[in-house]
1. In the chain, once you exclude exposed GluC sites (Glu not before Pro) (DSSP loop, at most 16 other Cβ within 10 angstrom), what's the longest stretch remaining?
2. Using Cα pairs under 8 angstrom and six or more residues apart, how large is the relative contact order of the chain, in percent?
3. Which order do you get for TYR70, TYR18 if you rank them by accessible area with a 1.4 Å probe, largest at the top?
4. Would you mind checking LYS107/LYS142; LYS2/LYS142; LYS2/LYS136 for any pair whose Cα atoms are more than 24 angstrom apart?
5. Would you please give the residues with an amide H less than 5 Å from that of TYR89, counting only those at least 5 places away or on a separate chain, with H modeled from the backbone geometry?
6. If I fit a long axis through the Cα atoms of helix 98-112 and take the longest principal axis of the Cα atoms of the chain, what angle between them do I get, 0 to 90°, rounded to 10?
7. Rounded to the nearest Å, what's the spacing between the alpha carbon centres of the stretch 217-259 and the stretch 154-179? Just the number, please.
8. Using alpha-carbon pairs under 8 Å, 6+ residues apart, how would you state the relative contact order of the stretch 91-166 in percent?
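The values are calculated or read from the model by the stated rules, or taken from the named source; none is laboratory data. Since this is a predicted model, take the numbers as computed values, not measurements. Glycine gets a Cβ as well: all are built from the backbone with ideal geometry, and neighbour counts include every protein chain shown. These accessible areas exclude ligands, DNA and RNA; they are computed on the full protein's heavy atoms, side chains included. Shrake-Rupley method; radii C 1.70, N 1.55, O 1.52, S 1.80 Å.
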Amino acid sequence: MKVIFSDLDGTLLHPHTYCCDAAEPALRLVREQNVPLVFSTSKTHAEVEFWRERLENRDPFIVENGGAIYIPDGYFPFDIPGAVRRDGYDVIQLGTPYPELVETLRKCALESGCEVLGFADWNVAEVATRTRLPVKQAELSKQREYDEPFEIVGLGTYRLLAAIEAHGKSWTRGDSFYHITGGNDKAEAVRRLTALYNQAFGNVVTVGLGDGHNDAGFLATVDLPVVVQSRFATALVRAVPHCFVSRWPGPHGWNEAVLHLMAAKPKAMAGRA
């Protein structure tokens, strides 16, 4: 049994238009074969719900760079250790509460002398402008729980990032923003969820698709990692040398890679498309 873990922005979704129509052939095949498709993203719970409804997805999902895992009630035939019941989900919370992250980022900016601006500083219209999201989706992206995206607008990037680490927090980069998080990341969330799939269904084969710096860790944990073409592709290939690399970015590359991996035998799945 295969389980697909996929980033959204820049991977399944076009990095500028957020359209995924080009991936429909592969999405249709995934649905027809009942392959679990787990979104592993920096997006919020509210944003992922939007895309799950649009894509008819009923599988668990990972939000805000591994801040939490949402598992639909009754999805696995056993109780989930450590999960909190919330709005029809068992939620495994791995991240640090959002207000603490915002406060820490502001302290680190002052200590380092490096000016930053984050989602907490912007209203919905400003988030929509910076992300190119429709206003409604920008509003959903403001409903953050475990991760603060931010821009560095002054000098002193290395001082700022060192200050974040000195305060016991972590940072990563997506397509457009830096992110401050607690000790969580996508890789740990993928490992936790993979263990639950293994417990429920035996040893599963995990596929991972991503395009950004914040995907490197989880791509290194899956059996079949896919780098979707992007400006980070060269660095990701260095970090995950056994990966499959799509020829195209965004949903075109996602479609190409998933169709290939669904059809190929395991030993034929590595390498460049």
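1. Details: sites that count: GLU56, GLU115.
Looking at the chain, 116-273 is the longest stretch - no exposed GluC sites (Glu not before Pro) with at most 16 other Cβ atoms within 10 Å.
2. Relative contact order of the chain: 22 percent.
3. Numbers: TYR70 0, TYR18 25 Å².
Accessible-area ranking of TYR70, TYR18, largest first: TYR18, TYR70.
4. Violating the 24 Å limit, Cα to Cα: LYS2/LYS142; LYS2/LYS136.
5. Excluding prolines and chain starts, which carry no amide H, the hits are ASP73.
6. That helix lies at roughly 50 degrees to the long axis.
7. When both Cα centres are located, 24 Å separates them.
8. It rounds to 46 percent for the stretch 91-166.
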